[in-house]
Structure formats: structure tokens, C-alpha cells
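Single-structure report; data block below.
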């Protein structure tokens, strides 16, 4: 365990399996990893630098340790030390700063009274599911064919913008400009790319598809003053019918079956916060929806009447005046909606949901859906149904965490991590010390399997953030009349490659937003949802895609990258090195974000860089500008 900055480090090789309800699919490896219950866990304590000359860890971890503790050493951006303690041992501790001041762990919320009017920080050694049972036997073997969601690499297929496989279902909405109209992408196009191995070539083993429900063929006014269509799927006008522009329900089922035949899971985007005003339910059951009129005005989210972030108003506000908001305090409305979500699973064989706008609905909806999935779906499929939420919060991790747990979401998209990674790796603001400090608090902040990402459909395209002069795609580039073009130099693509190297070699499910593998250009909505390009690539685009293909294979072949424990090896302003390790292997990762060569330390004496194939010799390694290495030791 790592504490002091709340990051868990289990050097015994044990990993967080809170949301993975089965052991590793590799039964032989799992048996080898089984540890006796008495095997000690290594707990790493950290205290951040910053005007501190000395730090000593004191506590009840051994006799006399309150009077004479363990001196902590400067390593990277923090003071560090490690204790080795038996499973289940609870430690009460404080930091003794500069030889005079007692300080509780500022970022560890677990505390107990110290008997003198103050508090002690508290941590319990927990080695996780890799421990053997009390009788010394290894954990039970997994259900045949079970899937460990920690190993997933997720690709967001924005169906309408991905590939047109059947022009016969193409339609456009009258009065809507091309950037916000349907572009013709469909299930047939997605199926083509499944069958030709495109996703497998990227190491992708899970697809996230846009909302499959039918949307109206009428326009809606956007906040940008332009008319939009429902090409994105978030205006469900019929909860039972498949989107007619995408194809038939049988085509969707065939897509899912073909993905399954190739070992690829399929998640649907599910919009449970609202319906479109043309949905018959709104007229038939107005009591199932919050009224738009509220407090002398219209309760539109983000207006002067209703606040996006007010705990009450955020659950009743309408996103626009034509999207009635479900009132899930009404038990009948909630039951109907949950039942609809269950029907889509049973009708199509979907493996999970990406749940939209989670903080805008009642928690009971999530609790009800999780209970029914656990009781009705998983016993039949023998698989865990993964549910990941979208809660657009860049700073407040506790809001995201609230919705994650065994009885609710499996994880959320890690917006706070995305904000830090983009700032430090793509924009190059602050230092890599900042990234290391954030990871120390974030590695085990959530109890589940989060999804990490650089780009998605609600933010400008990341290739522009990575330019020499990074810019905010929401503030520069007109998505309607003057959209940005593709950068014609290598540096932005190299920086995005370093960013994806980070995602693919750390904990969490990395997301590839369609087109980011080729650095697809685009300003704000709807230009960040351009049609996917399939030919006429620049050399820089080909380089980036080839790099991500390598990353996918490396992550697949080296499970320590997704189930192992991360430990920092060296940090500088522009370079960062860390080790990912489980009971089977260790993998070393080095990143250089700078435009000049940089060095890292702590590398193996001899190793092989999986990205280049080169043999390298440590412990110090030099990296070229905007490059990364992923190294396995060699004797």
C-alpha cells in the first residue's frame, strides 16, 4: 500500500479487484500468484516535498515507533519509506516534520482519535484477492471464458461518423447544416471494420457504441445558435426501436455477435436522463417527468433558474427545452426506465453500458439497475456486466467516487486524471512532478475500474492541444465556417503518442476516441465529430497509428501493465519513469515530453525496449525528444 498521498502499493503483487468479480482468466498464472495469508504486504508511505527538510514516519507499527520512527528519504517529488506488514494489520501513524511538528496525513481521510484531543491517520494492510484461502489452496478457477475488465482497451465508435457501410439507410434532417447533420455511418460500417480486424490491430477488445435508440427526424436548436440533428443518439424519441439511420436491430445483433466471436466486448451508450419531446411517453405519462416551469422560469440546466451543480436542481433541470427530464423519484418512471435498459441487454447481448450524465439522475436508478443485472443477467451469461459512468468533473473526485461501488457503477471516466495528463503531457504546463504527485493520490482513489482517456466527443480534438502552440479547441477555430486543419509537422503526433503510452501503461481502461489514433483534426462540437478518415494519411498520422498498434500488443502481452502496481523511479521537470509489477513480471516505462533529449534513472541494468526492439542498458537512459520507452529486463 502507498499512503501519505493515498496511492495503494501492494508489493506482494496483489491488486485491486473490487470490480472484477473473477480471478485472472489465466488459471495457471493465477495459481502461481496465490500467496499464503500470512504473506506480508509492503506499504509505501509518502509525504510531498515543499519547504520540508526532514520527515519521519511514527506510529504503532512496532514497539517504540512513536518515539523513534523511520526516517523518510527524498525520492522524486516526495519523501518515501516502506513498511512490510502482515495482511490485516492496522497502523495508526503520523508524520514528524522537521524534528518538531506532528502532522496527520493530509490526504488520507481515514483517521481516529489519538487520545490527546487530536487524530492519527489509519491504514490497514490489505493484499487483495490474490491471497490464498485459509486452508492454503489457491483461489477458485474463473468461470470459463470470463473477462477481466482491467485488461480492456476501449474504442469509442461514434456510429454516424465512423463508416458508411449501407448508403440505403442514409437520411438527412432538413434545415440542418452538414457539420451537425447525419453523415451516414451505420452498423454495417462498424461490422466491416470488425471483420477486417481493424480494432484487433489496435489491441482493442471492447467497443463503446453511441446510443442505439431511435431519434427524431426533426432539428433542435443548439446553444451555439445552429440547428442540430439527433445523429449523436442523445435525443431518444422511441426507447424500443433501433435508430433507423444506423440499421436494423438484427444488424446490431449481428455486430455484437461478430465482435464476441473475435473476443471483443460491446458497450452501448445509454441515455437515461431524458427523452425527446416527441417521445410518446412524455404525452402519455407527464407525471414521469419534471415540469420545465420552475421558480418563475424554465429549469434549463446552466440557466439563471437552474444550476448544473446544485444537488437538487441538477436532477430536475432539462438539458434543453425539447428534452424532458425523467423524474426518477417517481417509482413507476424509474421501474419503466430500468426495465427498458434490461430489455436492450437481453435483446442484443450487450456486455456493458456507458451511462450518460450520471450525476443528473437519482442514485436509486443505478442501484435498481445493478441489482437486476446481478440477479437476472450475470447468472445467465457467467460474465460481469460492466457499467461505466460519465460525470463531467475535472476537479472533484469525490463526486465521481460517490457513484462507484459494488451496488452501483463499476467505474467512471477519469476526468480529473485526463485534465492532469493533458496539461502535463500535451500542453506541457507545470512539471512531471505534478503528474507524479497527482498519480500518488489517484492510483487507488476509486474502488473500481476507471476508464482513462485523452479525448472524447465533448471536447476539442487532442491533436491541437498537442501543437507547439497549444490551443483550446473551444476558443479557437470556427467549427462551422473555418474549422482547423491537420497539423503538418511531427511534434503534435509525437506528443499524442507519448500521452497514449502513459494511458496504455497505467491502471485503468484506456479509451481511444475514434480518429484520435490518426490525430483527426477538429475544433469544438460538432467539428470534434468529423467523419472518420480511412485513406490519404500523412506520414505523421501513420506514425501515430502504428505507435498505438504497438501499445495495444504490448498491453495485451504484458498484464503487469494493467493489473500490476505502479511505483515511481525518477522524475524531472520533463521526464518521468515508473515501474509496473505483478507477481509474474515487471515492466519499466520512461516518458520524455520535452523538445530536447532527457534522461531517466532507475531502469534495469539490461533490458529490451518493446517499442523499438532495441537493447538498452541502465540504470540511466537517455530519451530523444517527445519519445517513450517500455522496457522489460533481460539477463
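Below, the figures for the structure above:
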| quantity | calculated |
| --- | --- |
| Selection from the range 499-530 of residues that are part of a loop (DSSP other than H, G, I, E, B), touching a helix residue (DSSP H, G or I) at 6+ places or on another chain (Cβ under 6 Å) and free of Cβ contacts under 8 Å to residues at least 60 places away in the same chain | 519 |
| Residues satisfying the stated conditions in the range 474-497, i.e. outside any loop (DSSP other than H, G, I, E, B), touching a helix residue (DSSP H, G or I) at 6+ places or on another chain (Cβ under 9 Å) and at pLDDT below 90 | 478 |
| Residue list for the range 266-290, filter: part of a strand (DSSP E or B), out of contact with any helix residue (DSSP H, G or I) (no Cβ under 7 Å at 6 or more places or on another chain) and closer than 14 Å to residue 322 by Cβ | 274 |
| Failed condition for residue 180, given (1) crowded, with 23+ Cβ neighbours inside 10 Å; (2) out of contact with any strand residue (DSSP E or B) (no Cβ under 9 Å at 6 or more places or on another chain); (3) under 28 Å from residue 325 (Cβ atoms) | (2) |
| Hey, residue 353 in contact (Cβ under 8 Å) with a residue 40 or more places away in the chain and in a strand (DSSP E or B) or not | yes |
| Flag for residue 217 being touching a residue at least 12 places away in the same chain (Cβ under 8 Å), assigned by TED's automatic domain parsing to the domain that holds residue 341 and out of contact with any helix residue (DSSP H, G or I) (no Cβ under 8 Å at 6 or more places or on another chain) | yes |
| Residue count for the range 85-103, restricted to those that are surrounded by fewer than 19 Cβ atoms within 10 Å (Cβ to Cβ), in a loop (DSSP other than H, G, I, E, B) and modelled with pLDDT under 85 | 3 |
| Residue match in the range 132-146 (condition: out of contact with any strand residue (DSSP E or B) (no Cβ under 8 Å at 6 or more places or on another chain), at pLDDT 70 or above and either more than 21 Å from residue 411 (Cα to Cα) or surrounded by fewer than 19 Cβ atoms within 10 Å (Cβ to Cβ) (or both)) | yes |
| The one condition in (1) assigned by TED's automatic domain parsing to the domain that holds residue 368; (2) assigned to a loop (DSSP other than H, G, I, E, B); (3) touching a strand residue (DSSP E or B) at 6+ places or on another chain (Cβ under 8 Å) that residue 263 fails to fulfil | (3) |
| All positions within the range 467-496 that are in contact (Cβ under 8 Å) with a residue 40 or more places away in the chain, surrounded by fewer than 24 Cβ atoms within 10 Å (Cβ to Cβ) and closer than 27 Å to residue 597 by Cα | 470, 486, 487, 488, 489, 490, 491, 494 |
| Residue identified as assigned by TED's automatic domain parsing to the domain that holds residue 448 and over 24 Å from the mean Cα position of the chain (by Cα) among 542, 551 | 542 |
| Residue in the range 223-231 that is within 24 Å of the chain's Cα centre (by Cα), crowded, with 23+ Cβ neighbours inside 10 Å and at pLDDT 95 or above present | no |
| Top-ranked residue of the range 291-304 - restricted to ones that are surrounded by 17 or more Cβ atoms within 10 Å (Cβ to Cβ) and not in a strand (DSSP E or B), ranked as farthest from the chain's Cα centre (by Cα) | 292 |
| Strands (runs of 3 or more DSSP E) wholly inside the range 550-606 containing at least 3 residues that are buried (at least 19 other Cβ atoms within 10 Å of the Cβ) and touching a strand residue (DSSP E or B) at 6+ places or on another chain (Cβ under 7 Å) | 565-571, 575-581, 586-592 |
| Selection status of residue 362, surrounded by fewer than 19 Cβ atoms within 10 Å (Cβ to Cβ), more than 30 Å from residue 257 (Cα to Cα) and touching a residue at least 24 places away in the same chain (Cβ under 8 Å) | yes |
| Test for residue 560: is it more than 27 Å from residue 201 (Cα to Cα) and either outside the structural domain of residue 74 (by TED's automatic domain parsing) or modelled with pLDDT of 95 or more (or both) | no |
| Sole exception among (1) under 30 Å from residue 395 (Cβ atoms); (2) surrounded by fewer than 21 Cβ atoms within 10 Å (Cβ to Cβ) for residue 269, by number | (2) |
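For every residue, the table says whether it meets (1) assigned by TED's automatic domain parsing to the domain that holds residue 342; (2) surrounded by fewer than 15 Cβ atoms within 10 Å (Cβ to Cβ); (3) on the phi < 0 side of the Ramachandran plot.
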site: 233; (1), (2), (3): yes, no, no
site: 256; (1), (2), (3): yes, no, yes
site: 280; (1), (2), (3): no, yes, yes
site: 283; (1), (2), (3): no, yes, yes
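The values are calculated or read from the model by the stated rules, or taken from the named source; none is laboratory data. Remember, predicted model here, so these are calculated numbers, not experimental data. Note that we place each Cβ from the backbone using ideal geometry, even for glycine, and neighbour counts take in every protein chain shown.
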